[in-house]
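The structure appears right after this line, and notes come after that.
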């Protein structure tokens, strides 16, 4: 989730936007591109969620709106149905 400006009634308003990867099959990955129009000074919220696990909300963190794109931030989920874990790819 991130915030971007929208013009509402002639006023510039900060609005939340959500991007989802949708369902990802086991062993696959998906790239999400955050638009450049993120509201300065806000945070980008990263939430890793599972389906059919004992813990659906696996892991979350935030990035500043002006995060550096090199190296590309990478997050992953690992573990099992009964003990899912998540974090940065380099963990």
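Taking every alpha-carbon pair under 8 Å whose residues sit at least 6 apart, the chain reaches a relative contact order of 22 percent.
Take the Cα of residue 82, go 7 Å toward its beta carbon, and the backbone nitrogen atoms of segment 39-62 under 14 Å from that spot belong to 53-55. Distance between the pseudo-spin-label points of residue 11 and residue 36 (7 Å out from Cα toward the beta carbon): 2.9 nm.
Once you have a ≥ b ≥ c as the square roots of the Cα gyration tensor eigenvalues for segment 17-62, tell me rounded if a/c is under 1.5, and otherwise prolate or oblate according to whether a/b is larger than b/c. Oblate. Rounded if a/c is under 1.5, else prolate if a/b is larger than b/c, else oblate: which is segment 2-88, with a ≥ b ≥ c the root eigenvalues of its Cα gyration tensor? Cα axes put segment 2-88 in the prolate bin.
Listing 3, 75, 67, 82 from fewest to most neighbouring C-beta atoms within 10 Å gives 82, 67, 75, 3. Simple spin-label estimate for residue 23 and residue 67 gives 2.7 nm between the two label positions (7 Å along the Cα-to-Cβ direction from each Cα).
Any read-out appearing in this document is the output of simple, stated calculations on the displayed coordinates, not a laboratory observation. Note that this is a predicted model, so its numbers are computed, not measured. Every residue, glycine as well, gets a Cβ built from its backbone with ideal geometry; the counts of neighbours run over all protein chains shown.
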